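First the structure, in the form of structure tokens, and then the observations on it.
The values are calculated or read from the model by the stated rules, or taken from the named source; none is laboratory data. All figures in this text were calculated on a predicted structure; none of them were measured in a lab. Positions of Cβ are backbone-derived with ideal geometry, glycine not excepted, and every protein chain shown enters the neighbour counts.
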Amino acid sequence: MKAIRRSIRVAALCVAPLALASPAHSADLTLPRDGWSSWKVPAVDEAPAWCCLSWNKGLVSPQSCRLDSDEGGYGSTSKATTDTVRVYARTTGGKVDRLRVFAATCPAQAAAPIREIENVAVDDSARWLIDLAKRSRTAAKSRDDIEEEVLAALAMHRGKFAGDALASFARSDAREETRKHAIFWLATLRGTEGAELTSAMMFSDEDPDVREHAAFSLSQTESPRAAADLIRLGNTDKDDDVRSQAWFWLAQTGASEAEGAIVAALRNDKDEDVREDAVFALSQLPDERATRALIAAAENRSLSREQRRQAVFWLSQSQEDAAQAYLDKVLLGGAAH
């Protein structure tokens, strides 16, 4: 199960120093040589209310963000949204070395006073972020260190200008990781249009790793076409790993048509590894549906003996009562022999 065992690299919100000349193009965004600067802009529709999080005995709760700290993470613990975000940028020796974006209501603190930049237009802020991402190509360090924050911040900006720029990174940037980051944020933050662009990248990008990542990203959306597009990908992509991932993420969506499409792949895919991964994909359906689908596969004598044994194996990993009852039946009588 080479494709499924591969770890999915979901967007990691981590930042490290990056050499980049400042100030930016907009006079309103001339940053000081040293220290934190901050400005707020309108957020994209349904933007999550990002803030810093703390973990205590398995519980996650919001907390004030310590901008200079490398510890902790940020995100949203609920479905709360914001209509305004605040961008924080730190310069050291005239170079931007840290970037953050939070809901405007999220409290933040730094070791030194934070300089407030007033009346920044959302498109000017987006231009500054685009410039930051593009100039980092010439930085001494890999731009992976900061570009994830840049693209996430860009995705949170309201307006066509920011959305089009993010789509351009997704479609045409030369670097695989940049396209993957942009695709993820398009899918998760830019609504229906972002999901549609993600679907387009899922079929058109030349790199199979990017197509896999687009499949994952699309599965995280509420797009009504997500299931149909994942089924199409699983049936048509030329890369075996991409087809396997399509079935895995289709199952994760819980779409009503998932079982039928995955079982068809069990029978029809030309690659043995994909067929094996499809059995595992059945185990990723919602609990009761996974159990029913795996039992049906175990008892389906049109499938290979190995496929049926794989179905029994994944049933053995389930805590569902029906799965355990079926295993007792197998041990006593061997229904899947």
Filter segment 287-313 for residues that are more than 22 Å from Asn235 (Cα to Cα) and outside any helix (DSSP H, G or I) and give the result.
Arg301
What is the number of the single condition among (1) buried (at least 24 other Cβ atoms within 10 Å of the Cβ); (2) modelled with pLDDT of 95 or more; (3) over 15 Å from the mean Cα position of the chain (by Cα); (4) not hydroxyl-bearing (Ser, Thr, Tyr) that Ile146 does not meet?
(2)
Among residues belonging to segment 180-195 that are surrounded by fewer than 24 Cβ atoms within 10 Å (Cβ to Cβ) and of a type in the set (Val, Ile, Thr), point out the one that is nearest to His157 (Cα to Cα).
Thr188
Residue list for segment 297-311, restricted to those being aliphatic (A, V, I, L, M) and surrounded by 23 or more Cβ atoms within 10 Å (Cβ to Cβ):
Ala297, Ala298, Ala311
It is to be established whether one or more residues within segment 35-47 are hydrophobic (A, V, I, L, M, F, W, C), under 30 Å from the mean Cα position of the chain (by Cα), at pLDDT below 95 and over 24 Å from Gly191 (Cβ atoms).
no
I'd like the full set of residues that are in a strand (DSSP E or B) and aromatic (Phe, Trp, Tyr), limited to segment 47-72.
Trp55
When only residues in segment 275-284 that are part of a helix (DSSP H, G or I) and touching a Phe, Trp or Tyr at 6+ places or on another chain (Cβ under 8 Å) count, which is surrounded by the most Cβ atoms within 10 Å (Cβ to Cβ)?
Ala281
Is segment 190-198 home to any residue that is outside any helix (DSSP H, G or I), among the charged types (D, E, K, R), under 17 Å from Ala104 (Cβ atoms) and modelled with pLDDT of 95 or more?
no
Being touching a Phe, Trp or Tyr at 6+ places or on another chain (Cβ under 6 Å), surrounded by 15 or more Cβ atoms within 10 Å (Cβ to Cβ), at pLDDT 95 or above and not basic (Lys, Arg), is that true of even one residue in segment 285-296?
yes
The condition of being surrounded by 21 or more Cβ atoms within 10 Å (Cβ to Cβ), in a helix (DSSP H, G or I) and at pLDDT 95 or above holds, among Gln252, Gln245, only for Gln245
Matching residues in segment 41-65 - criterion: being basic (Lys, Arg) and touching a strand residue (DSSP E or B) at 6+ places or on another chain (Cβ under 6 Å):
none
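Let's see how each residue does on (1) under 18 Å from Ala255 (Cβ atoms); (2) under 17 Å from the mean Cα position of the chain (by Cα); (3) part of a helix (DSSP H, G or I):
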site	(1), (2), (3)
Pro224	yes, no, no
Ala228	yes, no, yes
Leu233	yes, no, yes
Lys238	no, no, no
Asp241	no, no, yes
Given (1) surrounded by fewer than 16 Cβ atoms within 10 Å (Cβ to Cβ); (2) under 32 Å from the mean Cα position of the chain (by Cα), where does Leu332 come up short, assuming only one miss?
(2)
All but one of (1) in contact with a helix residue (DSSP H, G or I) (Cβ under 7 Å, 6 or more places away or on another chain); (2) free of Cβ contacts under 8 Å to residues at least 12 places away in the same chain hold for Leu266; state the number of the condition that does not hold.
(2)
Does segment 20-33 contain any residue that is within 23 Å of the chain's Cα centre (by Cα), over 30 Å from Trp314 (Cβ atoms) and either at pLDDT 90 or above or part of a loop (DSSP other than H, G, I, E, B) (or both)?
no
Go through the residues of segment 10-17 one by one and say whether even a single one is at pLDDT below 90, farther than 17 Å from Leu151 by Cα, touching a Gly at 6+ places or on another chain (Cβ under 7 Å) and not in a strand (DSSP E or B).
no
